[in-house]
1. So, counting K/R as plus one and D/E as minus one, what does the shell of residues with Cβ under 15 Å around THR93 add up to?
2. Under 13 Å from the Cβ of THR57, count the other residues' Cβ atoms, weight Lys and Arg +1, Asp and Glu -1, and hand me the total.
3. Keeping all protein chains in the complex and leaving out DNA, RNA and ligands, what accessible area do you get for GLU98 with a 1.4 Å probe, in Å² to the nearest 10?
4. What does the charge dipole of the stretch 12-93 about its Cα centre add up to, to the nearest 20 debye, if the Cβ of each Lys and Arg holds +1 and the Cβ of each Asp and Glu holds -1?
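The values are calculated or read from the model by the stated rules, or taken from the named source; none is laboratory data. All of these numbers come straight from a predicted model, not from anything done at the bench. So basically every Cβ, Gly included, is an ideal-geometry build from the backbone, and we count neighbours across all protein chains shown. These area figures cover heavy atoms from the full protein model, side chains too; ligands, DNA and RNA do not enter into them. Shrake-Rupley method; radii C 1.70, N 1.55, O 1.52, S 1.80 Å.
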Amino acid sequence: MTTDLVTYYGQTPTIDQLVDKYGVYLEKLDRETKLMLRMALATYIFTLEKDSSTKHTVAEALEDALSNLGLLVSYPLYKNLFEDVCSVLNGLTILEAETLLEALQHQIRWGNAQKLAS
């Protein structure tokens, strides 16, 4: 198990795959990508909480979230990246999604994806 955890705790083989591709702090993903991933994970969790029998994927959750915000038009700019990220997260559990949400929140607010004051 990695000692430099993207999630600080709760590392799983699925999360390890994400770390292997995008760095221990997901530093290969920019702020906007992390914001969109956070939105997708929140939608994914909400969908599974409503109906645990659903086979909804993180990719579908992202499309749902972007569509609801009227942002699906800009999705093609990130399509390849998100297809790659979402393929790693295929079959993600709610606990794993919650763990990633915590890590992303920390990175967006305090870490490598924080918005610098202008």
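1. Details: positive: LYS55; negative: ASP16, GLU49, GLU96, GLU98, GLU102.
Its environment carries a net charge of -4.
2. -3
3. 80
4. 100
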